[in-house]
Structures are given as C-alpha cells and as structure tokens.
1. Let's test the formula: R0 of 22 Å, r as the Cβ-Cβ distance of F173 and E116. What FRET efficiency results, to the nearest 0.05?
2. In region 253-308, what GluC sites (Glu not before Pro) fall in a loop by DSSP, with at most 14 other Cβ atoms inside 10 Å?
3. Using 10 Å bins from zero, what percent of all Cα-Cα pairs in region 148-225 falls into each bin?
4. Take E47, project a point 7 Å from its Cα along the Cβ direction, then tell me which residues of region 59-98 have their backbone nitrogen under 15 Å from it.
5. Just going by the charge dipole of region 54-109, with Lys and Arg at +1 and Asp and Glu at -1 on Cβ, which of A76, G89, G101 is farthest out on the positive end?
6. Give me the percent of Cα-Cα pairs in the chain that sit more than 26 Å apart, rounded to a whole number.
7. Where a ≥ b ≥ c are the square roots of the eigenvalues of the C-alpha gyration tensor, would you call region 64-145 rounded, which needs a/c under 1.5, or, failing that, prolate if a/b is larger than b/c, or oblate?
8. What chymotrypsin sites (Phe, Trp or Tyr not before Pro) does region 137-193 have in DSSP loop regions with at most 14 other beta carbons within 10 Å?
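The values are calculated or read from the model by the stated rules, or taken from the named source; none is laboratory data. What you see is a predicted model; the values in this text were computed from it and never measured. Here the Cβ positions follow ideal geometry from the backbone for every residue, glycine too, while neighbour counts run over all protein chains shown. Ligands, DNA and RNA are stripped out before the accessible areas are found, and what is left, the full protein with its side chains, is counted by its heavy atoms. Shrake-Rupley method; radii C 1.70, N 1.55, O 1.52, S 1.80 Å.
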Amino acid sequence: MARWLKKLWIVFFNMQIKKLITHNGTFHADDVFATAALFLLLEKRGEKYEVTRTRDKDKISSGDFVYDVGIIYDEAKDRFDHHQKGGAGARPNGIEYSSLGLIWKKYGEELSGSKEAAFFVENNLIAPIDASDNGINLVEKKHQIYPYTIEMIINSLRPTWKEDVEVVDEMFFKSVAMMRPILEREITHARAEVEAKNILMDVYNRADNKKILILEYDFAHNRIFDDLEETYFIVYKKRSDNDWGIRAVRKGFKTFENKKDFPKAWGGLVNEDLQKVTGVGDALFCHRALFYVVAGSREGAIKLAELALED
C-alpha cells in the first residue's frame with residue numbers, strides 16, 4: 001500500500017467521533033434546535049458526530065458537547081445546561097439563556113459568518129425560543145386563540161399519551177431533521193440582511209433627500225428600514241417583473257403603523273382608477289392598507305412617493 005494511502009487510511013479510522021449528549025424523554029424547541037446547530041457546526045468543520053439522549057451521569061461526563069442536561073454551564077468545556085440553581089445567565093434585555101442560546105452565544109458567529117449575521121439570527125429565532133423555554137412571554141395574550149409558534153410545531157411531533165413512548169427518540173430526530181433547514185435559512189437570510197444593510201446605508205448616506213430612498217435592489221420588505229429615522233418611503237426595482245414598488249417605512253418593528261400612510265383616496269385602487277386620482281400615468285396598484293404602491297417605471301414610482309409625502 002502506498003505510504004500516502006496508508007496515512008489516509010489511518011487518519012480516517014482514527015478520526016474522533018464527537019459525542020453530543022442531551023437529555024432523553026420529552027423534547028422541546030431548545031434541545032431540538034441546539035442539536036441542529038451542533039450538526040451544522042461540526043459538519044462545517046468536517047467532523048463526525050453521534051448523539052446520545054440520556055440522563056446517565058457516566059455517559060454525560062464522557063460527552064464532548066453536553067446540552068440541556070448535566071446541571072453545568074461551562075462554555076470552555078462545551079457544557080450548556082441552564083437548569084441548575086440560578087440558571088445560566090440572561091441577556092441585557094432580560095431574556096434568560098436556554099441550551100440553544102448558550103450554544104449560539106459561543107458558536108453563532110462561526111456558524112453565521114459574522115457578528116452582525118449572528119445577531120440577526122439571535123433576535124429572530126434564538127432568543128424567542130429561549131424566552132419560551134424559560135417561561136417568558138414576548139407578546140400580550142389578547143385572545144383565547146394564540147399564534148401558532150415553532151414550539152407548537154415541535155410539540156405536535158412529540159408522542160401523545162396514547163402512543164408508544166418508545167418512539168420519542170425517533171420523533172426527536174425527525175424534529176431535528178425538520179428544524180435544521182429552518183436554522184439554515186435563518187442564517188442565509190441573516191447574511192443577506194447584513195449585505196442589504198451595508199448597501200442601504202451607503203445609499204442613505206449619499207442621498208440628498210433622505211425622506212425617499214431609491215434602491216436598485218428588491219429588499220424593501222426587510223426590517224433594516226425601521227432604523228431610518230428620516231426616511232418615509234422606499235422606492236425599489238421589483239425582481240418579479242419590470243415594475244417599481246414603493247413601501248411605507250414603519251414606525252418600528254413592533255408595529256404595523258407607518259410613519260406616513262399613502263393617501264386614503266388611493267387605497268384599493270388599480271390601473272386607470274389610480275392613475276386618474278394620482279395623475280401618474282403608470283400607477284398600477286395601491287394596497288388598501290396604504291403601505292404599498294406599484295408603478296410601471298422608476299419615474300412614476302418616485303412621483304407617487306413625492307405625492308404621498310406632500311399629502
């Protein structure tokens with residue numbers, strides 16, 4: 001056998017398999033997503049791994065990554081539990097960490113590619129799951145019907161009292177397989193948000209009129225606009241066709257209320273009806289909720305934004 005092939009053979013068979021240890025029994029969103037995050041991390045590093053669901057102390061002590069079990073939080077040793085007395089700390093906003101948040105705190109930047117992208121994922125997915133796991137309400141319950149959350153999706157995959165409890169491990173890994181793509185997509189969106197924000201701020205800083213920003217990119221649905229205090233409308237080239245969209249900027253991400261609505265007289269109008277009211281020959285559509293308008297050209301979109309600003 002060639003020397004180089006022998007070395008490769010030895011490396012392959014001596015490659016350490018990382019042991020991931022979490023608790024057995026009922027699972028929740030935090031341990032499901034924590035498992036998915038570690039899968040992505042180790043695959044990115046080219047490392048092999050195996051998962052054991054147990055509460056056995058000897059098996060726990062042998063783990064390379066131990067999370068949501070073990071009663072220890074020690075980032076340096078990759079111990080990520082939060083059930084011990086006093087918990088495992090909280091964010092500046094008061095949301096306590098769960099196993100998922102602790103793992104993301106250490107490895108989020110490595111997984112996302114930057115601190116900025118990790119921050120987006122943290123706020124959008126990680127912190128809300130941590131809050132739910134620690135019994136922290138993020139929304140006011142005004143009705144008997146509650147929003148269907150990602151935790152509820154995972155709960156639906158747990159065995160009912162009528163089903164064989166032995167399938168719980170199978171359903172746990174099924175849940176991980178289902179939630180992993182969601183985490184991957186959140187990372188993808190976060191990276192795109194960071195790039196979009198850099199482009200936006202460049203346009204914003206160079207704009208003479210910051211009340212109406214004109215973009216050649218279709219990312220006007222993103223949260224990044226909520227931080228622009230001087231901007232009321234975003235004009236942008238739509239990707240789906242040759243039309244141009246105009247979106248009203250909200251007062252903040254916690255509300256659907258706009259800094260300035262489009263004129264009430266435009267609401268729900270299309271084509272000729274909208275063109276007649278606005279005097280813009282290629283006006284095509286105005287949402288009845290007064291936050292979105294479409295025109296056939298860049299010039300038409302800018303004109304509609306200017307009219308709305310003056311209204």
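1. 0.10
2. Values: sites: E257, E272, E299, E306; in loops: E257.
Of the GluC sites (Glu not before Pro), the ones in loops of region 253-308 whose Cβ has at most 14 other Cβ atoms within 10 Å are E257.
3. Bins of 10 Å from zero give 15, 30, 18, 16, 13, 7, 1 percent of pairs.
4. Counting backbone N atoms under 15 Å from the label point, the list is 62-67, 75-80.
5. Looking along the dipole axis, the top candidate is G89.
6. Counting every Cα pair in the chain, those more than 26 Å apart make up 59 percent.
7. Oblate is the answer for region 64-145, as a/c is 1.5 or above yet b/c matches or exceeds a/b.
8. Working: sites: Y148, W161, F172, F173; in loops: Y148, W161.
Answer in residue order: Y148, W161.
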